[in-house]
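The next block holds one structure in the form of structure tokens; read it before the comments.
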């Protein structure tokens, strides 16, 4: 099976092992369900997955490790959830998301943004859609410093339309970056 579309159902949780045996699956759509809980190893057997749609669910947080090892994943859609927390290493190089090109986190409840977009472990441009959240501050809980030895993405498109951002310089100071590093 290459495509599994479970959209518009009443699925409320994804337990570890639920997709075991579907290693050739390339597209998984769980759009418009009631998913609020995702096990840390739910997707670990989906080594061929290229597109994952978890849009319009009830997800409130993305835990570190939830997408680890999805090396072929190109598009991750999490539009219209209630995500307020993104783990500090969900998208970093250790997650091995080396093919990722599109991250859609539009219309969630993210209020502060850590500098994780700088650490996505790819060699190509990544489009990160954070439109229509509640982002008003750029924070640095992960203590990002220039030239600290971590691999950084040089090219990414960060879409922040419709957020209550008051001051653009906050992005640079909050993430401890200068225009020369981007």
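The values are calculated or read from the model by the stated rules, or taken from the named source; none is laboratory data. This one's a predicted model, so the numbers in the text were calculated from it and none came from an experiment. As a convention, Cβ positions derive from the backbone with ideal geometry for all residues, glycine included, and neighbour counts pool all protein chains shown.
Computed values, structure above
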read-out: Any hit, the stretch 45-62, residues being modelled with pLDDT under 95 and under 27 Å from residue 167 (Cα atoms); value: no
read-out: Selection from the stretch 67-89 of residues that are in a loop (DSSP other than H, G, I, E, B), touching a helix residue (DSSP H, G or I) at 6+ places or on another chain (Cβ under 9 Å) and crowded, with 21+ Cβ neighbours inside 10 Å; value: 67, 70
read-out: Residue check for residue 103: surrounded by fewer than 21 Cβ atoms within 10 Å (Cβ to Cβ), on the phi < 0 side of the Ramachandran plot and in contact with a strand residue (DSSP E or B) (Cβ under 6 Å, 6 or more places away or on another chain); value: no
read-out: Sole residue being in contact with a strand residue (DSSP E or B) (Cβ under 7 Å, 6 or more places away or on another chain), modelled with pLDDT under 90 and surrounded by 15 or more Cβ atoms within 10 Å (Cβ to Cβ), chosen from 171, 113; value: 171
read-out: Only listed residue being assigned to a loop (DSSP other than H, G, I, E, B), surrounded by 15 or more Cβ atoms within 10 Å (Cβ to Cβ), out of contact with any helix residue (DSSP H, G or I) (no Cβ under 8 Å at 6 or more places or on another chain) and modelled with pLDDT under 80, chosen from 176, 147; value: 176
